[in-house]
Amino acid sequence: MEQFIYYLKVSLLSIKRAPLPYALTVFILSVGLGVFFANATFYYQLNSDPLPHKSDKLFFPMTLITPNDCNNCRPPRVLSYSNVQKLSASDIPSAQAAMYSSDGYARLSVDQPPTPVSIRITQRDFFKMFEVPLLHGSMWADDEAHNEVLLTRAMALKLLGRTDVVGESILLDDRNVSVIGVLDDWQMLPRLYDANGRNHLSAGEDIFLPLETGYDLNYLSRTNSQTFDDTDYRQLATEGRTGALHQLQYWVQLDTEEQQQAYKQFMQSLAEDEKAAGRHPAPINNQLVPMRNIVDYFGDDPGDIKAFALVTLLFLVVCLFNASHLALNRYLSNQYEFSLRRALGASRSQLQLQMLADVLLMTFLSITGALIIGYAGVSLMNTLLPRNSLFSDWNLTLMAGLMLTAFFCSYLVTLYPSIRASFGSLNQQLKE
Amino acid sequence: MSLPLLFKVLLTRKVVTILLLLQLAITLALLLNSVLLAQQTHQQLNQPTGLDLEETLLVQIKPTTPQLRAYPLLEDLLERQLNALRNIPGVVAAAYSNQGMLLQGGNNGNVYNVDDEERSNTSSVPIYFVSADYFKVLGVDVLQGRLPQQSSLFTKESFPSVVLTQSLAEHLFPEQSAVGRQLNRGSVSAVISDFYGQRNGENVMYNSIQVTRPFSVDWGYTLLLRTSPGQTSAVRQQLTTVLQQVEPNIEIFHIRSLAEQQQQLYRNEYGLATLLTILSALMLVVTMISSYSSTHFQVLKRQQEIGIKRALGASKRLIFIELLSEGWLCTLIGTLLGIGCALLLNHGLSQVISLPSLNWWLPLLTGAILLFSVTLAIWYPATIATRVSPATATKAL
């Protein structure tokens, strides 16, 4: 320890002798790491797996069962109610749920001003598949539930001022619905169950309504809906259930490889039956996309962060070259001192230890600088690219990553100069 | 001072020179692509929209009760709102529409000439259901036919007549008049000048408009206002109060001028271009620091050499030019390497974002910026070098 403190003192003395080159090295390293870290925050969060233990078991099935003939067409991103009914006839999945999102207004009585709410209209298995925690009450008993809603904790507090509100009645678009459950704090990010149209970047919904009630009350999808025939979307309860009005996302849980193969076979048989019945004029094209690939499949990956990631990586490389260049100049200026130490009996490994003390000091200073610049960078990116703002939080893994990167970069920057200073010809160096 | 000698000087400090060259090359690559992206964003923001961006206001709105979102109350609400808006001093015209313009996507569908479906079928055409004053608000020119004067309803037997923008009319009926021709959505009554509809559409200028009441306002609707010159701000300030007075059970999502709507449409591109510009500026600063420190270090190390040169008759000016030339040569080589890096980076970026290819003059421009920055950075150390006295040469002896 004593030796380490001595090395640190020597490092500080060396800095005092030429503070400007050292400050510039730390500044450049901090800027490079800070900018890199700001972008890495978004990149890491956007590409993280919200359900790492089961994302390979959740699948989005899509079929081309539409009334139109279409060559080389991909299946629609959303399914019709009737197609979901056909798919949900299978008992192969361990869980399955259709869903979409809509907007509405909630209040306790007509005298109150309405509160805008976002609604996820779905089925019972949604909560099981995406591991949604329950604070009070229960989920729907089955998929036939009507006019029963679950609120998020935040919405229960906003509407009723408390969380234990099971059994209470609220007005959703001025129609009575009863609260059967309140969810605990839950934020799945990215919201991969709603990847269509980059909705996975947005916050979750406030209220959960049964699918059948959504159709009965004519809630239209607020994201993507397509009509392949003359179905009137204002008649969701009737025509919407039978016509080719596509607005549903559909997820199934297939735990084993056998289940996945069996489900693919089921989809193929279904498409063939529909084709035989004349309801599938287009060539068969079924897709069973795993949750972790869904953003790529839809092509909705936000390119701006990827582009900026590439550029910030290059920037970090430039900063490393630059800092290395400055460090080399600094070490060459101190060449005489190094050589003198060697002449007085210091071994090369002792010089390397001295260098390690230098690296630790530089890591500490550059991390401090990088955190300040990184924070400013994240704030700037939130302003300029607000769509990604939910993904700007720092966590322990990210911080540990930053520290390791900073240490590695500081080591890399100091490595060549110190080797050069330690391994030259002693006579020559002392003469210079 | 000869070129081989300059190369020799650079080769005496290989590692430092290589590091500097790599920095210069990557800086140029980034600078070049940033300028390209900024240029593209600028072009997008300045492309013709066919709309008066400054004097047209857009209000996105939705009734908060289901009764108000259904007919006949909805029709009454729309009329009351339009009347109130028309009475605001400075408003030239007001209209409603099921959706705004200058959008990413929205309500759209396929449109085709019923006599030539296979060729003319055009997908993702924005479909507008509007009030009669819509065209007055937009200030578009009528190029063919007559605009519908009254709102008409959809029935099983007949659809309201369709107004097409010029580009769509020419696409559906090439070299023919579109007026009176039958589309899958009704017969064409007029062709108007182009305006920017939806970015995700096949062509941003394709639009199909019908003077009829909206099908449904469950997604909200748009109120559009044309104001007298210079009155936009005054009108805007009154809008929320006026609309709330007409009907309190509404949610106003936003009030924007079309110029703001256009900015919103390209917000991401603008954000990315700004970030890259900031990063490029930082990179130039980093490169300048590098060039400065490298030259400064060399000047300190080569004092004796400079002193000998001065003793042998080299002028201060020659020493100064020699050091600048070393920097310029480095920059020139870095620029050449940078063009290769820029091509690679351009290829990489175009995989994830829409980016045009490099042109011939951008490398010249960015090379000049780099040269200027490097010159600025090495000016001071080169000046220090000119102060080295010829007497310093004696230390070498």
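The values are calculated or read from the model by the stated rules, or taken from the named source; none is laboratory data. No experiment lies behind these values; they were computed from the predicted model shown. Because the Cβ atoms are built from the backbone with ideal geometry, glycine has one as well, and the counts that use them run over all protein chains shown.
Just a few scattered comments:
- Subset tally (residues that are farther than 25 Å from A:Gly32 by Cα, part of a helix (DSSP H, G or I) and either among the β-branched types (Val, Ile, Thr) or free of Cβ contacts under 8 Å to residues at least 12 places away in the same chain (or both)) for the stretch A:342-374: 2
- In the condition set (1) at pLDDT 90 or above; (2) within 32 Å of the chain's Cα centre (by Cα); (3) farther than 28 Å from A:Ala18 by Cα; (4) more than 14 Å from chain A (Cβ to nearest Cβ), B:Gly338 is compliant with all but (4).
- Qualifying residues in the stretch B:345-372 (those that are within 14 Å of chain A (Cβ to nearest Cβ) and part of a helix (DSSP H, G or I)) - the one surrounded by the most Cβ atoms within 10 Å (Cβ to Cβ): B:Leu370
- Spans of strands (runs of 3 or more DSSP E) in the stretch A:42-158 with at least 1 residues within 14 Å of chain B (Cβ to nearest Cβ): A:95-107, A:115-122
- For A:Leu340: the one exception among (1) away from chain B (no Cβ under 14 Å); (2) aliphatic (A, V, I, L, M); (3) surrounded by 15 or more Cβ atoms within 10 Å (Cβ to Cβ): (3)
- Taking the conditions (1) at pLDDT 80 or above; (2) more than 30 Å from A:Gly204 (Cα to Cα); (3) not basic (Lys, Arg) in turn, A:Leu402 satisfies each one other than (2).
- Residues that are within 13 Å of chain A (Cβ to nearest Cβ) and either without any contact (Cβ under 8 Å) to a residue 24 or more places away in the chain or in a strand (DSSP E or B) (or both) within the stretch B:231-253 comprise B:Gln244, B:Pro248, B:Ile250, B:Glu251, B:Ile252, B:Phe253, listed in sequence order.
- The combined condition, being loosely packed, with under 15 Cβ neighbours inside 10 Å and either more than 30 Å from A:Asp300 (Cβ to Cβ) or of a type in the set (Asp, Glu) (or both), is not fulfilled by B:Tyr134.
- Residues that are surrounded by fewer than 16 Cβ atoms within 10 Å (Cβ to Cβ) and either more than 11 Å from A:Glu148 (Cβ to Cβ) or within 14 Å of chain B (Cβ to nearest Cβ) (or both), drawn from the stretch A:175-185: A:Arg175, A:Asn176, A:Asp184, A:Asp185
- Among residues of the stretch A:297-337 being within 14 Å of chain B (Cβ to nearest Cβ) and among the hydroxyl-bearing types (Ser, Thr, Tyr), the one that is surrounded by the fewest Cβ atoms within 10 Å (Cβ to Cβ) is A:Tyr336.
Results for (1) away from chain A (no Cβ under 14 Å); (2) surrounded by fewer than 20 Cβ atoms within 10 Å (Cβ to Cβ); (3) more than 27 Å from the chain's Cα centre (by Cα); (4) of a type in the set (D, E, K, R), shown as yes or no for each residue.
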site	(1), (2), (3), (4)
B:Pro4	yes, yes, yes, no
B:Gln43	yes, yes, no, no
B:Leu58	yes, no, no, no
B:Lys62	no, yes, yes, yes
